[in-house]
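Here the structure comes first, spelled out in structure tokens, and everything after it is commentary.
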6 protein chains.
Amino acid sequence: MHELGVVYRNIRRADRVAADALGALGTSTVHEAMGRLGLMKPVMRPVWPGARISGTAVTVLLHPGDNWMMHVVAEQIRDGDIVVAACSADCSDGFFGDLLATSFRAQGARGLVIDGGCRDVRDLQAMGFPVWSRAVSSKGTIKATLGSVNVPVVCAGALVHPGDVIVADDDGVVVVPAAAAEATLAAANAREANEAGKRAKLAAGVLGLDMYNMREPLAKAGLRYID
Amino acid sequence: MHELGVVYRNIRRADRVAADALGALGTSTVHEAMGRLGLMKPVMRPVWPGARISGTAVTVLLHPGDNWMMHVVAEQIRDGDIVVAACSADCSDGFFGDLLATSFRAQGARGLVIDGGCRDVRDLQAMGFPVWSRAVSSKGTIKATLGSVNVPVVCAGALVHPGDVIVADDDGVVVVPAAAAEATLAAANAREANEAGKRAKLAAGVLGLDMYNMREPLAKAGLRYID
Amino acid sequence: MHELGVVYRNIRRADRVAADALGALGTSTVHEAMGRLGLMKPVMRPVWPGARISGTAVTVLLHPGDNWMMHVVAEQIRDGDIVVAACSADCSDGFFGDLLATSFRAQGARGLVIDGGCRDVRDLQAMGFPVWSRAVSSKGTIKATLGSVNVPVVCAGALVHPGDVIVADDDGVVVVPAAAAEATLAAANAREANEAGKRAKLAAGVLGLDMYNMREPLAKAGLRYID
Amino acid sequence: MHELGVVYRNIRRADRVAADALGALGTSTVHEAMGRLGLMKPVMRPVWPGARISGTAVTVLLHPGDNWMMHVVAEQIRDGDIVVAACSADCSDGFFGDLLATSFRAQGARGLVIDGGCRDVRDLQAMGFPVWSRAVSSKGTIKATLGSVNVPVVCAGALVHPGDVIVADDDGVVVVPAAAAEATLAAANAREANEAGKRAKLAAGVLGLDMYNMREPLAKAGLRYID
Amino acid sequence: MHELGVVYRNIRRADRVAADALGALGTSTVHEAMGRLGLMKPVMRPVWPGARISGTAVTVLLHPGDNWMMHVVAEQIRDGDIVVAACSADCSDGFFGDLLATSFRAQGARGLVIDGGCRDVRDLQAMGFPVWSRAVSSKGTIKATLGSVNVPVVCAGALVHPGDVIVADDDGVVVVPAAAAEATLAAANAREANEAGKRAKLAAGVLGLDMYNMREPLAKAGLRYID
Amino acid sequence: MHELGVVYRNIRRADRVAADALGALGTSTVHEAMGRLGLMKPVMRPVWPGARISGTAVTVLLHPGDNWMMHVVAEQIRDGDIVVAACSADCSDGFFGDLLATSFRAQGARGLVIDGGCRDVRDLQAMGFPVWSRAVSSKGTIKATLGSVNVPVVCAGALVHPGDVIVADDDGVVVVPAAAAEATLAAANAREANEAGKRAKLAAGVLGLDMYNMREPLAKAGLRYID
């Protein structure tokens, strides 16, 4: 986080197969599989609904009101990447719009996660290019200050290293460290498999109280029923 | 609000017919009919658009980061109920997702109103299970602390007694005390009937200034027109 | 901003052709063409997605919890106007709903921009009447206090004079002073024309780094690449 | 909460001795003694630091931008009361200043807790009249709309019945139901007595891990130490 | 508001005697005397308590993260001025610290009002240089972008023209248009004179209900007393 | 960030002499010396004014509403440390009060930085134990869930490794990586030395425009002066 004016060209990306598989499971399952860690703050919302992506992070550190480095990060995108943009201070300016989206897509990006603002929402939806941001704003930016590319960044409260897996959907954005991608996938798959059976029982009217054997611990904790 | 670890099994629900009829009128009409009271704060938004429900409240008091009592309240749901979940402190965690929704629905719930976070938005929309919440978040919760079920709660600034009527739509969530349900319905129906005629006149170009006889009181208050 | 209880009947509206043409370009292009000024705060969001309008401002100054002046401004609407409502203090109350929308439309309004709350969202969407607001709330208002109509107002951080051009879409709301409408249109058109070519190049994989000749200034600013 | 235009003259106030004694213990101890309930949201802050009061609640329900009922509640104040002002919607207007403080004090009030704004902070501090509010604002209010006095209100997320004990200090504001005042006092005193011994041990370097016998449950929960 | 890169050297400042006298009355009295207009949003707070100033505005428009124009405005300060700094988008960066305060003071400034962040709070207090801001932040800024000096600006929701009177104290910041300074002073003085008598009556136990003759209008509005 | 239930006992602390010296320079100077990085969000404020500390970080990761790990971290404190507490989701609960402060101090802590709430403000001030937090709240917490101690954490948007230098004062909280402590100190000292001379010139009336040679670049950027 503490280097400015630096672009790391060679990063180790998480395993592609694991990254893709994690996306199919969704943020909530993945986040649970990680022990309830790795989630960005809920202020991060999709700028258009329904998108669901995963990929490997290329990171960029911006400064308020300045999107110069967005052009620098574009060159570092490889097929299957998601750009994760952090900012050195809170700023809702529209750092990103349809022109940059066109460029990012041409370089292979699957989407953008930005701790700032985004614009051209209508065009982004028409293009099918998904963005998660803390704001939507037409406010333009300048190109004057160096940040960095492919350094570790804090984005919406979550630490992201270049190459980490990013999973993003209507529920938010979760970060899986590259080294943990496969173990997290295994845990998430186990969790998912487990849920199907639970869902069927609950749909049939079985109560979680019974399915999870909660009655005894609740009573032990002192729960009283009053008629 | 001041009892912990208690579940009231027998509550007096508002009249079902009145509860259903209030839902058809919508939150804005019902809230006006109550003298502009009973509304939850506007931070409460539907997690997917277009839902419009009404029903009788079963209440649950949660603690931050803990959804244990959601399983306890599930057993107290009767057909036509809406679960109203309050929290002892502000927390955006995802206390509720598709598994609990499956269970709530199986018990007869029409929806959930929660002063906290919700997850699995895509699944909830696919199921058609509506939720009003202050946040969307994948963040999971633990099951460690007792709250209470069917005690009076404050949810998003509104006092809710078990059995009260809840009306929720795209405009927000309003609470009608069970004892006031029928009088409120009558007042809301009168208001609604009254509005149809007004709407026609306004559409025809009649000004509210004339329709409501506002010109004289405005002049009396000192309004000046300058050409 | 400093007159209360006054209605200006005769205002100079911006050129209609320019106002219409600016709407087709959208807020982000227009805001850039103005030198990155004139934008309302991003808290202003459309109450239903997809609307895109432009028109000339008629302004109204409200007080918290009081929508009396909304009926006064209705009479001042001319075909092609957009009502811009400011409030003397932050208030999320629902100052506006389907009845007023019916009236505004009958008078020729294309939409409403309000630094406050709005209700009857479902009806407004069904009518196709667009509103940009800081909140959605069923909370009703009273009719007791004089504000003003067609005075300069500050709405969501932007200064609006009666007759200014308002452009509003999914990205937000921008204000173009009447006297600047045509020059802004020319600048925005030039910008738009310029963007089409850029978009094609970026889509073909040309990098912004090269298209905008950024490599030299970045190197001069000290950017280092590390393999 | 659902009555407008009503003033209840006779309320049952909590025991004065208990109310006074609770104030000496402070909000944090009292709130713990109540099972971690009864606390207003942390947005409620003292307008000047250092005040610490307790007393019995007289309640008033206001509307946004309107402080008419503040004069109505003044007449209902008895010696040792604290006025608790709720509002039917969020509003930061300055509902209260030095004139009303002079009047409230003359009637016997010990302070004000208001879910809105307050002004004349310098004068209030000079008078030694404490106020807890969500905002400081010079914004004045009108006198046009009826609310109610001595009805149950929700103030900053907490339910307050007339006559309840209010405890307020630098940590915030807590509400103790009148019927629970003496039991809460007993529990709070026990807690306080218990804390003195703990404090001495902790000051002497004993760890909470040992004093509270946490090592075993932590190990059982899976805590691992790594050198 | 719509000019960038311009410095107006000659501005008409409000009458100095009126500006000074308004400061002695304080923001709440002045704001009331203006008909409850002209107030900045309550997010504007003094960075250290107790300061109370008034003076004439020199204005500056900044961009997020860029304080270059603060050096440009310094040259335009005349004795008795208050610098009012607006920003083209919300930004909490620390645009101002003790070095600029030293310079502003040397040029004759009485204080700063900034719709952004401020730093070196301890030094500012030691110097006795008052600042009202929306945030305190160490975050530094760059010097890369032109804004403007002595153009009309919107600062924290209030329109400020160069030369307007600014009054700032613990209650907030109010703007009096230069042309209205003397009339506002007269109205504020009348209000203040009027308040002394009221204060004495209220302190003696007279109720506002009687002093303001509110009992009849309250009864007429339907207020009911219940024993 | 991605380990739960782990306590690292041996951490490499930054050089003590550098840590102490950085504290004397203050957050703004240190943050500038780091290239404007390392700052926590401005929501982090001292719970009582005037404190100014520096030291080495011991870190703890908490969960919402649960302060169990605060007792675990206490044992890892060494003389001169500052505890930095992060939370897996936003929570304003009062995780820390005078008992824990007594314990932390006895173990050698200089203060606490917590991305959550704090209580017993009056006692903390009396003890002279400084805390920076995002909220003050009496709300108590439970002891049920494992977090971790001395893992890297994200606190108020800043990445903190165990052993990093923390500098905190009225302007906020800044983090200096242990490995960068000495270089940052050198840069900060150079900056500080440089400022003394600038301050004297500015106080004598020299303008920053001249002292920093800004007139030419401003003119080149297009700044126009209008008389």
(message) Give me Rg/Rg_expected for the range F:11-92, where Rg uses Cα atoms only and Rg_expected = 2.2 N^0.38 Å with N residues.
(response) 1.21
(request) Once you've got the GNM for chain B with C-alpha springs shorter than 10 Å, pick whichever of B:L209, B:L185, B:L99 has the biggest mean-square fluctuation. (result) B:L209
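Quick one: of the DSSP bridges fully inside the range A:74-193, what percent are antiparallel, nearest 5?
45
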(request) Only helical DSSP H runs with n ≥ 4 go in: add -39500 (n - 2.57) per run for the protein assembly as shown, normalise by residue count and round the 222 nm mean residue ellipticity to 500 deg cm²/dmol. (result) -9500 deg cm²/dmol
(message) Running a GNM on chain E with Cα contacts under 10 Å, which residue among E:V149, E:V17, E:V30 ends up with the highest mean-square fluctuation?
(response) E:V17
(message) Could you list C:C155, A:C118 so that the one with the fewest beta carbons within 10 Å of its beta carbon is first and the one with the most is last?
(response) A:C118, C:C155
(request) Give me the lysines in straight-line cross-link reach of A:K201: C-alpha distance below 23 Å, same-chain residues under 8 apart excluded. (result) B:K143
(request) Please work out, to two decimal places, the log10 of the ratio I(q)/I(0) at q = 0.07, 0.18 Å⁻¹ from a Debye calculation in which every Cα of chain C carries one identical scatterer. (result) -0.26, -1.22
(request) May I ask you to list the aspartates and glutamates whose Cα is less than 13 Å away from that of D:K220, ignoring any residue fewer than eight positions away on the same chain? (result) none
(request) Just the Kirkwood number for the protein assembly as shown, please: inverse of mean 1/r across all distinct Cα pairs, in Å, one decimal. (result) 32.1
(message) Along the charge dipole of the range A:102-166, pointing to its positive end and built from +1/-1 on Cβ of Lys, Arg, Asp and Glu, which listed residue (A:G108, A:P152, A:S138) has its Cα farthest out?
(response) A:S138
(message) Pairs of alpha-carbon atoms within less than 8 angstrom and 6+ residues apart define the contacts here; what relative contact order does the range D:71-178 have, in percent?
(response) 25
(request) Could you work out the longest stretch of chain D that avoids the trypsin sites (Lys or Arg not before Pro) located in DSSP loops with at most 12 other Cβ atoms within 10 Å? (result) D:13-227
(request) Choose one answer from C:S148, C:S88, C:S54: the residue with the largest mean-square fluctuation in a GNM of chain C with alpha-carbon springs under 10 Å. (result) C:S88
(request) Lys and Arg at +1, Asp and Glu at -1: add these up for the other residues within a Cβ distance under 9 Å of C:S92 and post the number. (result) 0
(request) Let me know the Rg and Dmax you get for the range D:49-162 when you use only its Cα atoms, in Å. (result) 12.4, 35
(request) Tell me the label-point distance for the pair E:A24, A:A219, using the 7 Å Cα-to-Cβ offset, in nm and rounded to one decimal. (result) 7.8
(message) Treating the point 7 Å from Cα along Cα-beta-carbon as the label, what are the nm separations from E:Y212 to the other copies, to one decimal?
(response) 2.4, 5.0, 5.0, 5.3, 5.7
(message) Per-residue Cβ counts within 10 Å, from other chains only, averaged over C:207-215: what number is that?
(response) 4
(request) Can you tell me the FRET efficiency between A:R9 and B:D210 if r is taken as the Cβ-Cβ distance and R0 is 60 Å, rounded to the nearest 0.05? (result) 0.25
(message) Could you work out the relative contact order of the range A:118-193? I mean the mean sequence separation of Cα pairs under 8 Å and 6+ apart, divided by the number of residues, in percent.
(response) 18
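Go ahead and run the numbers for FRET between B:A190 and E:A190, Cβ-Cβ distance against an R0 of 45 Å, rounding to 0.05.
0.45
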(request) Take the Cα atoms of the range C:140-197, build their convex hull, and give its volume per residue in Å³. (result) 109
(request) Would you kindly work out, in nm and rounded to one decimal, the distances from the label point of C:R199 to those of the same position in each other copy, ordered shortest first, with label points 7 Å along Cα-to-Cβ? (result) 3.9, 3.9, 5.5, 6.5, 6.9
(message) Assuming 0.36 nm per residue, please report the length gained on full extension of the stretch E:A183 to E:V17 beyond their Cα-Cα distance.
(response) 58.5 nm
(message) Taking the Kirkwood radius as the inverse of the mean 1/r across Cα pairs, report the Rg/Rh of the range B:118-225.
(response) 1.15
(request) Let me know the charge dipole size of chain A about its Cα centre in debye, to the nearest 20, where only the beta-carbon of Lys, Arg (+1) and Asp, Glu (-1) is charged. (result) 240
(message) Averaging over every viewing direction, what projected area does the convex hull of the Cα atoms of the range B:176-227 cover, in nm²?
(response) 5.8
(request) Pick out, from B:V167, B:N189, B:V121, the residue whose Cα sits farthest towards the positive end of the charge dipole of the range B:87-227, with +1 on the Cβ of Lys and Arg and -1 on the Cβ of Asp and Glu. (result) B:N189
(message) At 27 angstrom or more along the helix axis (alpha-carbon based) and mean Kyte-Doolittle of -0.5 or higher, what helices does chain E contain? Whole DSSP H runs only.
(response) E:181-203
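Rule-based calculations on the coordinates, nothing more; no lab input. In this text, all values refer to a predicted model and were calculated from it rather than measured experimentally. Quick reminder, even Gly has a Cβ in these numbers, built from the backbone with ideal geometry, and neighbours come from all protein chains shown.
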